[in-house]
Amino acid sequence: MKKYDIIALGELLIDFIQDGISEQGNLLFEANPGGAPCNLLSMASRLGHSTAFIGKVGKDSFGKQLQSVLEQEGIDITYLYQDEEVPTTLALVHRLEDGERDFSFYRNPGADMRLTKKEIPKEAIENSKIFHFGTLSMTHQEVREATKKALEIAKEARIMISFDPNLRPPLWENLEIAREQVLYGLTFCDILKISDNEIQWLTGEEDYTLGVQWILERYQIPLILVSMGREGSRAYYKGEMVEVPAFLQKNTIDTTGAGDTFGGCILHFICEYGLENLTKEQLKEILRFSNAAAAIVTTRKGALRVMPTKEEIENLMKLS
């Protein structure tokens, strides 16, 4: 038995999400706990999994708030460190007229960038079923080296590795460096969750299936999941493609964290079923459940603290 079902490494930050306009005509923002890896862990914790996070926040009020939130969500914070000198990373999320989001980061530096190789907990990673990571922990040298060390530990211990590129262009010196690090991540992962625009950017293929083929010609990845927003999602597994439509919600207010919710549900099923002999029916079940969970989160402000319960997800599935 492993101590953790899922251990994740990466960013933990405050998402200031646009939330209306004041009487004076100024934009209002709500401070929501966020960071893609912890959003994913929060969803997995809601589904009954043991989870842990590796990362760093500032020794400030935001850092204390984030520590408290993770504990409330049942995420082990043994490996969440505090930086004495650099503040907690902040992100401002503006809503655009077409429903998309525009991100601005206050991270030059931010505490999450200061995670070091020495702080990577070898035994904790080895004592996990799945190690999950993204690319925000690969934007700068120090945290990039820490991430690579964690990947090497997981690979050597034959731990399943899950990867969500979660590309945020403003955080990279240039997109060629971003591409190099995404390709590096692909050499390690067993489960890849990638969005529609990311796979097009990475492979140069407009058609998602051609993009997946491009990846599989270069990397041996057993399970690839493509999230397509309003169009639903796809799973590519052992030469098969399964597609399931989205659960469109009339009361969608914020898509922040939807992809992380989807990813947390995917890993929930991988913990249950394994990765060796998934059937087409199981893949459909996995995608349908994950799509429903993501749809629910889009009707709520923020992500980390408002993940749906299994009952809420199943109720939505029954109604549709």
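Quick rundown of the values:
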read-out: Subset of the stretch 267-289 (residues that are buried (at least 23 other Cβ atoms within 10 Å of the Cβ), closer than 17 Å to PRO37 by Cβ and out of contact with any Leu (no Cβ under 6 Å at 6 or more places or on another chain)); value: LEU267
read-out: Flag if LYS149 is part of a helix (DSSP H, G or I), out of contact with any helix residue (DSSP H, G or I) (no Cβ under 7 Å at 6 or more places or on another chain) and touching a residue at least 12 places away in the same chain (Cβ under 8 Å); value: no
read-out: Residues of the stretch 291-320 that turn out to be among the small types (Gly, Ala, Ser), surrounded by 14 or more Cβ atoms within 10 Å (Cβ to Cβ) and either touching a Ser or Thr at 6+ places or on another chain (Cβ under 7 Å) or assigned to a loop (DSSP other than H, G, I, E, B) (or both), as a count; value: 4
read-out: All strands (runs of 3 or more DSSP E) inside the stretch 1-67 with 3 or more residues being within 20 Å of THR256 (Cα to Cα); value: 13-21, 27-34
read-out: Residue count for the stretch 94-108, restricted to those that are surrounded by 14 or more Cβ atoms within 10 Å (Cβ to Cβ), over 20 Å from SER61 (Cβ atoms), out of contact with any helix residue (DSSP H, G or I) (no Cβ under 8 Å at 6 or more places or on another chain) and at pLDDT 80 or above; value: 1
read-out: Qualifying residue in the stretch 123-142 (condition: without any contact (Cβ under 8 Å) to a residue 40 or more places away in the chain and touching a strand residue (DSSP E or B) at 6+ places or on another chain (Cβ under 9 Å)); value: no
read-out: Residues being under 17 Å from the mean Cα position of the chain (by Cα) and within 22 Å of ARG230 (Cα to Cα) - total across the stretch 250-285; value: 14
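The values are calculated or read from the model by the stated rules, or taken from the named source; none is laboratory data. What you see is a predicted model; the values in this text were computed from it and never measured. Glycine also receives a Cβ, built like all others from the backbone with ideal geometry; neighbour counts cover every protein chain displayed.
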